[in-house]
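S.K.: Here's a structure for you.
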Amino acid sequence: MANLVIAEHDHGSLRAATLNVISAATAIGGDVHVLVAGHNASAAAAAAAQVAGVSKVLLADSAAHANLLPESAAAQVVAAAAAYSHILAPATAYGKGVAPRVAALLDKAQISDIIKVVDADTFVRPIYAGNAYATVKSSDSVKVVTVRGTAFAAAATTGGSGTVETVTAVADSGLSSFVSAEITKSERPELTAAKIIVSGGRGLGSGDKYRELLTPLADKLNAAMGASRAAVDAGFVPNDYQVGQTGKIVAPDLYIAVGISGAIQHLAGMKDSKVIVAINKDPDAPIFGVADYGLVGDLFEVVPQLVAAL
Amino acid sequence: MKILVPVKRVVDYNVKVRVKADNTGVDIANVKMSMNPFCEIAVEEAVRLREKSVATEVIAVSAGVVQCQETLRNAMAIGADRGILIETDVELQPLAVAKLLKAIVDKEQPGLVILGKQAIDDDANQTGQMLAALLGWGQATFASKVEVAGDVATVTREIDGGAETVAIKLPAIITTDLRLNEPRYATLPNIMKAKKKQLDIFKPADLGVDVTPRLTTLRVDEPPKRQGGVKVADVAALIDKLKNEAKVI
């Protein structure tokens, strides 16, 4: 039994989500190998070889992988697949693009977004926005799995002594090409890896108010900033701020929900946070049903008081 | 160019499902069923492309129980020209659905297939990508903007760090994210008109597809419940709790 982890990386380093997937692979048992499909990505491959539990890194280095497009990435995974019983990817925008392609090309089912490994064939995954947990068993000879990062601790970035083996890169698929990217620039911690998250909803009223009220709070706490779907839809903040069933799944030590009512789709994205604080003027808002500490009040008064008192 | 839009019948997004007492699944008897919201966005996008004369025909297709006909009628009320149901009582998993859709694509030869990025029941987020792989087509998932010119679609995608724009060669697969469009409400005249539109029905066997599930659900459990919290009186009390009780700041 051997596991192949599809690394998410930026060529120079591994993305944090890859470390959670390596932990899930370790929980399944057997060798853990990591595939780095990138361009000038030897630094990312070297980093992967250092991760605790990794015995081998496959590096497919080619211009075909420069923009991490899923068509070429999936073909690269399939080229290496024969040696593996399990193929794992992070349940991120990147992993969700690649893994189902791999599964279909191998004629295997995919098990999405696992939160627990029961045994080598059996996994637990949330369904219905996390309102139920299904335990599913696969009858396929190869399991293709995506992993919810918040459910598995990150593997240590040191302690491994894997070898790096260069593999032949596949040709560019020619099916798609990269045009441009607008990546949100931020000095803050990444939303999915932050210890503290300050998150705002429609109650803030506007993008200006979101920034005016929440930025000082996030600064004081060195927190990442998130938002409900309503706030994103209303244009307060970009889409990558969205926490929820179809946005980002987060589980920080402290989640402060400001002006968020708490639709089930939002709760699906943050209810595994260690401590939840809700600030809302509506005492009946569903967010109070999951909050450890609720403060009923006008957020325009409460948040500045909080900033001043911290 | 034809556009194919697969649509799924799911438990309405406002329904909070309950796990059955015997842990065999969730109780969906007598709950409201609707078109998956992401599929609705897909239908709307396809109809807009036809209205802009990029497409000539929009075909909605669904797979599942006989009641999926209602979902197809909804899609036709939004503006799809006709519907196809692949009728079966077997529990369909994404790989099987992708194979069924491939068979329909082979028949209909659309230039574009637009699907929802995920269904809000199984939250799998697989079918579009699987269909793309089976067809050997390019894919643009999580679309927030679509422009079609000649045989290329330029698609802006919502990704983890922001947005990315890719160009995909047609025919291709697009999956929709929340902010691609706001689906129109079906008007009564359009609902009436939809009842008269063509709806063809196939069985999986007619299409030569084996839909046997690969995954078995052993049990379904309630997630652990969060302990009900407390309300605090003011900011000072909140900070005290966070520092001294929760010890998170």
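Quick note: the coordinates plus some simple rules give every number you see, no bench work behind them. Remember, predicted model here, so these are calculated numbers, not experimental data. Note: ideal-geometry Cβ built from the backbone for every residue, glycine included; neighbour counts use all protein chains shown.
S.K.: Given a Förster distance of 51 angstrom, what is the FRET efficiency for B:ASP106 paired with B:ASN23, based on the Cβ-Cβ distance and rounded to 0.05?
M.R.: The formula returns an efficiency of 0.80 here.
S.K.: Here's something else I'd like to know. I'd like the distance separating the alpha-carbon centroids of the stretch A:110-158 and the stretch A:9-30, in whole Å.
M.R.: 14 Å
S.K.: Can you give the alpha-carbon Rg of chain A over 2.2 N^0.38 Å, where N counts its residues?
M.R.: Normalised Cα radius of gyration, chain A: 1.06.
S.K.: To the nearest whole number, what is the average tally of beta carbon atoms from other chains within 10 Å of the beta carbons of peptide A:171-177?
M.R.: Rounded to a whole number, the mean comes out at 5.
S.K.: Let's test the formula: R0 of 45 Å, r as the Cβ-Cβ distance of A:ALA66 and A:MET1. What FRET efficiency results, to the nearest 0.05?
M.R.: Values: r = 33 Å, r/R0 = 0.73.
According to the calculation, E is roughly 0.85.
S.K.: Let me ask another. What number, rounded to the nearest 500 deg cm²/dmol, is the helix-based mean residue ellipticity at 222 nm of chain B, given -39500 (n - 2.57) per DSSP H run of at least four residues and division by all its residues?
M.R.: -7500 deg cm²/dmol
S.K.: Within a 10 angstrom radius of each residue's Cβ in A:247-257, how many Cβ atoms of other chains show up on average? Whole number is fine.
M.R.: 2
S.K.: For the stretch A:168-310, compute the orientation-averaged projected area of the C-alpha convex hull (one quarter of its surface), in nm².
M.R.: 10.7 nm²
S.K.: Continuing with the same structure: Calculate the dipole size of the stretch B:31-149 relative to its Cα centre from +1 charges on Lys and Arg beta carbons and -1 charges on Asp and Glu beta carbons; express the result in debye to the nearest 20.
M.R.: 280 debye
S.K.: List, in order, the whole-Hz ³J(HN,Hα) value for each residue of the stretch A:58-65 obtained from phi through the Karplus relation with A = 6.51, B = -1.76, C = 1.60 and θ = phi - 60°; use x for Gly and Pro.
M.R.: Each residue's phi maps through the Karplus curve to give 9, 10, 10, 10, 6, 4, 4, 9 Hz.
S.K.: Let me ask something else about it. Could you work out, for the stretch A:142-243, what percent of all Cα-Cα pairs fall into each 10 Å distance bin, beginning at 0 Å and stopping at the bin that holds the largest distance?
M.R.: 12, 28, 26, 22, 11, 1
S.K.: Please state, rounded to one decimal and in Å, the Kirkwood hydrodynamic radius that the protein assembly as shown gives when every pair of distinct Cα atoms enters the mean of 1/r. Walk me through the numbers before you get to the answer.
M.R.: Numbers: mean 1/r = 0.0414 Å⁻¹.
Kirkwood hydrodynamic radius for the protein assembly as shown: 24.2 Å.
S.K.: Let me ask something else about it. With θ set to phi - 60°, apply the Karplus curve 6.51 cos²θ - 1.76 cosθ + 1.60 along the stretch B:54-66 and write out the HN-Hα couplings as whole Hz, x wherever there is a Gly or Pro.
M.R.: Each residue's phi maps through the Karplus curve to give 6, 10, 9, 8, 10, 10, 8, 9, 9, 10, x, 5, 4 Hz.
S.K.: While we're on this one: Highest first, please rank the peptides A:42-51, B:127-136 by the mean number of other Cβ atoms sitting within 10 Å of their residues.
M.R.: So the peptides A:42-51, B:127-136, ranked by packing, come out B:127-136, A:42-51.
S.K.: Turning to a different aspect of this structure: Cα centroid distance between the stretch B:222-249 and the stretch A:40-83, in Å?
M.R.: Distance between centres, Cα-based: 43 Å.
S.K.: I've got another one for you. Angle between the Cα long axis of helix A:299-309 and the longest principal axis of chain A, 0 to 90 degrees, nearest 10?
M.R.: In chain A, helix A:299-309 runs at an angle near 80 degrees to the longest axis.
S.K.: Right, something else. Which lysines does B:LYS243 reach when only Cα atoms under 29 Å apart count, and residues fewer than 8 places away in its own chain are ignored?
M.R.: Leaving aside lysines fewer than 8 places away in the same chain, those within reach of B:LYS243 are A:LYS195, A:LYS209, A:LYS220, A:LYS248, A:LYS271, A:LYS274, A:LYS281, B:LYS225, B:LYS231.
S.K.: Over the whole of B:150-161, what's the average partner chain Cβ count within 10 Å per residue? Rounded to a whole number, please. Don't skip to the end; give the middle numbers.
M.R.: Details: counts 0, 0, 2, 1, 3, 2, 4, 4, 8, 10, 17, 13.
The shielding value for this peptide is 5.
S.K.: Tell me, what ³J(HN,Hα) does each residue in the stretch B:110-121 have, in order and in whole Hz, if you take phi through Karplus 6.51 cos²θ - 1.76 cosθ + 1.60 with θ = phi - 60° and put x for Gly and Pro?
M.R.: These are the phi-based 3J(HN,Hα) values: x, x, 8, 10, 10, 10, x, 5, 7, 9, 7, 8 Hz.
S.K.: Using +1 at the Cβ of each Lys and Arg and -1 at the Cβ of each Asp and Glu in the protein assembly as shown, identify which of A:PRO90, A:GLY162, A:VAL32 lies farthest towards the dipole's positive end.
M.R.: Toward the positive end, the furthest listed residue is A:PRO90.
S.K.: Take peptides A:73-82, A:183-192 and line them up by average Cβ neighbours within 10 Å, highest first, as a rough protection proxy.
M.R.: A:73-82, A:183-192
S.K.: On a 0 to 90 degree scale, rounded to 10, what angle separates helix A:16-28 from the longest Cα axis of chain A?
M.R.: Helix A:16-28 sits roughly 60 degrees off the main axis of chain A.
S.K.: What FRET efficiency comes out for the pair A:ASP107/B:MET33, r = Cβ-Cβ distance, R0 = 35 Å, nearest 0.05?
M.R.: Computed FRET efficiency for A:ASP107 and B:MET33 comes out at 0.70.
S.K.: Starting from the Cα-Cα distance between B:GLN198 and B:THR216, subtract it from 0.36 nm times their residue separation and give me the gain in nm to one decimal.
M.R.: This chain segment gains 2.9 nm when fully extended.
S.K.: Treat every Asp and Glu Cβ in the stretch A:41-143 as -1 and every Lys and Arg Cβ as +1, leave all other atoms uncharged, and give the resulting dipole magnitude about the Cα centre to the nearest 20 debye.
M.R.: 160 debye
S.K.: Return the calculated 222 nm mean residue ellipticity for chain A, to the nearest 500 deg cm²/dmol, obtained by summing -39500 (n - 2.57) across DSSP H runs with n ≥ 4 and dividing by the residue count.
M.R.: -8000 deg cm²/dmol
S.K.: Shifting gears a bit: So for chain B, averaging the separation of alpha carbon pairs under 8 Å that are six or more residues apart and normalising by length, what relative contact order in percent results?
M.R.: Computed over chain B, the figure is 23 percent.
S.K.: To continue, here is another question. Would you please state which residues of the stretch A:239-276 a label at A:ALA16 would reach in this model, taking the label point 7 Å out along Cα→Cβ and a backbone N cut-off of under 16 Å?
M.R.: Within reach of a label on A:ALA16, which here means backbone N under 16 Å from a point 7 Å along Cα→Cβ, the stretch A:239-276 contributes A:240-244, A:248-256, A:270, A:272-275.
S.K.: Would you calculate the volume per residue, in Å³, of the smallest convex hull containing every Cα atom of the stretch B:56-173?
M.R.: Values: hull volume 13.6 nm³, N = 118.
Taking the convex hull of the Cα positions in the stretch B:56-173, it is 115 Å³ per residue.
S.K.: I would also like to ask the following. Taking only Cα atoms, what is the 0 to 90° angle, nearest 10, from helix B:37-51's long axis to the longest principal axis of chain B?
M.R.: Between the helix axis and the principal axis of chain B, the angle is about 40 degrees.
S.K.: Follow-up. Putting +1 on Lys and Arg Cβ atoms and -1 on Asp and Glu Cβ atoms, find which of B:VAL7, B:SER34, B:PRO213 reaches farthest to the positive end of the dipole of chain B.
M.R.: Of B:VAL7, B:SER34, B:PRO213, it is B:SER34.
S.K.: Could I ask something else about it? Would the stretch A:110-156 count as rounded, prolate or oblate if I go by the C-alpha gyration tensor, calling it rounded below 1.5 in a/c and otherwise prolate when a/b exceeds b/c, oblate otherwise?
M.R.: oblate
S.K.: Something else about it: Can you give the local net charge around A:VAL54? Use residues other than it whose beta-carbon is closer than 14 angstrom to its beta-carbon, Lys and Arg +1, Asp and Glu -1.
M.R.: -1
S.K.: Name the shape class, rounded, prolate or oblate, that the alpha-carbon gyration tensor gives for chain B, where a ≥ b ≥ c are the square roots of its eigenvalues, rounded holds for a/c under 1.5, and otherwise prolate holds if a/b is larger than b/c and oblate otherwise. Each step should come with its number before you reach the end.
M.R.: On the way: a/c = 1.91, a/b = 1.50, b/c = 1.28.
Prolate is the answer for chain B, as a/c is 1.5 or above and a/b outweighs b/c.
S.K.: Under a point-charge model restricted to the Cβ atoms of Lys and Arg (+1) and Asp and Glu (-1), what is the dipole moment magnitude of the stretch A:147-191 relative to its Cα centre, in debye to the nearest 20?
M.R.: 180 debye
S.K.: Name the shape class, rounded, prolate or oblate, that the alpha-carbon gyration tensor gives for the stretch B:121-233, where a ≥ b ≥ c are the square roots of its eigenvalues, rounded holds for a/c under 1.5, and otherwise prolate holds if a/b is larger than b/c and oblate otherwise.
M.R.: Because its axes are fairly even, with a/c under 1.5, the stretch B:121-233 counts as rounded.
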